[in-house]
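Structure first, commentary second.
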Amino acid sequence: MTGTPDIGWFLEGGARAAESIRSILGKNGIDIGQTRALLDFGCGCVARHWQRLQGEVHGCDFNRRLVRWCRRRLRFGRFEVNALRPPLPYPDRRFDLVYALSVFTHLPEDLQGPWMDELGRVLAPGGHLILSVHGQRYVDELSPAERARFEEGRLVVRQEGLAGTNVCGAYHPFEYVRQTLARAFTLVGFLPEGAHGNPRQDLVLLRR
Ligand SMILES: C[S@@+](CC[C@H](N)C(=O)[O-])C[C@H]1O[C@@H](n2cnc3c(N)ncnc32)[C@H](O)[C@@H]1O
């Protein structure tokens with residue numbers, strides 16, 4: 001979640017993240033209970049809250065240890081390992097909901113577009129994609145040069161050499177989300193600081 005070893009946070013943060021997903025979908029007239037198949041991309045403590053859903057629950061991550069944990073503990077779901085770069089091991093249009101909470105926050109720019117394309121590929125037409133990003137609320141954590149770049153609407157990435165780990169940090173201005181990240185999707189909802197399991201991250205709802 002936020003890289004913390006705190007088990008209380010792991011449990012509560014996952015529940016809050018699941019609630020954020022229900023809530024942004026609900027506000028846009030979408031009932032997660034009607035989902036046929038969902039994918040938790042960069043999975044873990046959120047998927048565990050979907051046990052009662054009727055639809056299929058899938059998750060994937062490039063961290064084999066996490067996937068092993070999910071396979072052992074979340075028997076209702078199906079979990080796969082993927083590589084740092086696409087593709088995913090799923091056919092086209094496999095899911096009607098994909099979410100990636102605090103995943104694009106740890107990817108360098110050369111992986112952001114390819115992963116958006118890949119998540120779009122596995123989504124059915126009309127399906128939804130939910131992302132969380134480090135947005136405006138994080139601007140005070142940036143250096144003056146990074147802040148200037150962010151305020152020009154450009155992506156800021158730190159430690160790109162450690163792509164996919166929590167050490168690599170990506171910061172998304174809203175304009176970058178709208179014009180670049182989401183360009184192949186319809187932007188349906190945007191909640192500043194709305195990703196409650198990942199405090200202060202913005203929550204983005206897109207439709208394919
Ligand atoms: C900060 S954690 C967030 C975990 C979870 N989504 C949550 O909100 O609690 C980032 C997760 O994304 C995974 N991740 C990063 N890059 C990935 C990639 N290219 N493919 C799949 N998973 C990735 C990491 O292994 C890690 O589990």
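Considering (1) open to solvent by 80 Å² or more (accessible area, probe 1.4 Å); (2) assigned to a loop (DSSP other than H, G, I, E, B); (3) of a type outside the set (A, V, I, L, M, F, W, C), the lone condition that residue 71 does not fulfil carries the number (2). Residues in region 75-86 that are among the hydrophobic types (A, V, I, L, M, F, W, C) and either under 18 Å from residue 16 (Cβ atoms) or surrounded by fewer than 18 Cβ atoms within 10 Å (Cβ to Cβ) (or both) were compared, and the one that is nearest to the ligand (Cβ to nearest atom) is 84.
Scanning region 28-39 for residues that are surrounded by fewer than 22 Cβ atoms within 10 Å (Cβ to Cβ) and either farther than 21 Å from residue 124 by Cα or of a type outside the set (D, E, K, R) (or both) yields 28, 29, 30, 32, 33, 34, 35, 37. Counting the residues of region 103-117 that are over 15 Å from residue 158 (Cα atoms) and touching a strand residue (DSSP E or B) at 6+ places or on another chain (Cβ under 9 Å) gives 2. Are any residues in region 98-144 within 11 Å of the ligand (Cβ to nearest atom), open to solvent by 30 Å² or more (accessible area, probe 1.4 Å) and either over 18 Å from residue 85 (Cβ atoms) or in contact with a helix residue (DSSP H, G or I) (Cβ under 8 Å, 6 or more places away or on another chain) (or both), and if so, which ones? If the condition is that a residue be within 11 Å of the ligand (Cβ to nearest atom), open to solvent by 30 Å² or more (accessible area, probe 1.4 Å) and either over 18 Å from residue 85 (Cβ atoms) or in contact with a helix residue (DSSP H, G or I) (Cβ under 8 Å, 6 or more places away or on another chain) (or both), then no residue fits. Taking the criterion of being near the ligand (Cβ under 6 Å from one of its atoms) and acidic (Asp, Glu), the only residue of region 37-66 that qualifies is 61.
Scanning region 40-62 for residues that are open to solvent by 40 Å² or more (accessible area, probe 1.4 Å) and either in contact (Cβ under 8 Å) with a residue 60 or more places away in the chain or under 22 Å from residue 120 (Cβ atoms) (or both) turns up 56, 62.
The values are calculated or read from the model by the stated rules, or taken from the named source; none is laboratory data. As the structure is a prediction and not an experimental result, all values here were calculated from the model. For neighbour counting, all protein chains shown are included, and Cβ atoms are generated from backbone atoms with ideal geometry for every residue, glycine included. These area figures cover heavy atoms from the full protein model, side chains too; ligands, DNA and RNA do not enter into them. Shrake-Rupley method; radii C 1.70, N 1.55, O 1.52, S 1.80 Å.
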